[in-house]
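A short worksheet on the structure shown next.
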Amino acid sequence: MGYLSRYDGTTRVELSEGYWVEVKNCLTGAQMEACKKSLISWRVVENDSGYAAALDRVDPGGLPSEVAIASLVSWNVDDAQGDVLPLEITDKAGNVLVDETAKVRRRNYGYLTSEDRDAVEEVVMRLNVTPTKREAATFPDEGERSAPAGTVTGPDGGEVL
């Protein structure tokens, strides 16, 4: 079993009303980096010394959706006529058209209900985002990048509303 075998395999996520999504068990580092980069946009602005890039938008809350879209392998989600919505666009020779595929994946994933998206995103984040050693030490019982469920307290021990 080689290093790249970790990228083998898929997980099926059951959605509402008998629909399902099959996702990759593991994204590569390059795929995860692309997901993170898609959350940031830059623009060129003029300043006293010429032109410079300026941060235009950061959307850290969008990572689960980006990871889910990158993880999609197959599904049975269909349109009003019962035709399964595509996750990949190919040319006549069968070559994947990368830009068109990215657009259609994003559009079609957007058709899922919030409940179904939450189900997919929970699974892909669990499969692809491992807490750092520091996070694991901070939240040993959680194993996630979030505070424990329940009452949240501030540094002084008081309840945070």
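For (1) part of a strand (DSSP E or B); (2) closer than 13 Å to ALA68 by Cβ; (3) open to solvent by less than 40 Å² (accessible area, probe 1.4 Å); (4) in contact with a strand residue (DSSP E or B) (Cβ under 7 Å, 6 or more places away or on another chain), each residue gets a yes or a no:
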| position | (1), (2), (3), (4) |
| --- | --- |
| LEU4 | no, no, no, no |
| VAL13 | yes, yes, yes, yes |
| GLU17 | no, no, no, no |
| VAL21 | yes, yes, yes, yes |
| LEU27 | no, yes, yes, no |
| ALA30 | no, no, no, no |
| GLU33 | no, no, no, no |
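Of the set (1) surrounded by 14 or more Cβ atoms within 10 Å (Cβ to Cβ); (2) in a strand (DSSP E or B); (3) of a type outside the set (Asp, Glu), all apply to VAL45 but (1). Of the residues making up region 69-125, those that are more than 24 Å from GLU17 (Cα to Cα) and either surrounded by fewer than 12 Cβ atoms within 10 Å (Cβ to Cβ) or of a type outside the set (Gly, Ala, Ser) (or both) number 14. Checking each residue of region 105-116 against the condition of being under 23 Å from GLY9 (Cα atoms) and touching an Asp or Glu at 6+ places or on another chain (Cβ under 7 Å) gives no match.
Within region 22-60, the set of residues being in contact with a Ser or Thr (Cβ under 8 Å, 6 or more places away or on another chain) and either among the basic types (Lys, Arg) or at pLDDT 75 or above (or both) comprises GLU22, VAL23, LYS24, ASN25, LEU27, ARG57. Restricting the first member to region 71-99 and to residues that are free of Cβ contacts under 8 Å to residues at least 60 places away in the same chain, and the second to residues that are basic (Lys, Arg) and surrounded by 12 or more Cβ atoms within 10 Å (Cβ to Cβ), the beta-carbon pairs closer than 7 Å and six or more apart or on different chains are SER71/LYS24; LEU72/ARG105; LEU87/ARG105.
The values are calculated or read from the model by the stated rules, or taken from the named source; none is laboratory data. All values derive from a computational prediction rather than experimental measurement. Please note: Cβ atoms are built from the backbone with ideal geometry, for glycine as well, and neighbour counts cover all protein chains shown. Ligands, DNA and RNA are stripped out before the accessible areas are found, and what is left, the full protein with its side chains, is counted by its heavy atoms. Shrake-Rupley method; radii C 1.70, N 1.55, O 1.52, S 1.80 Å.
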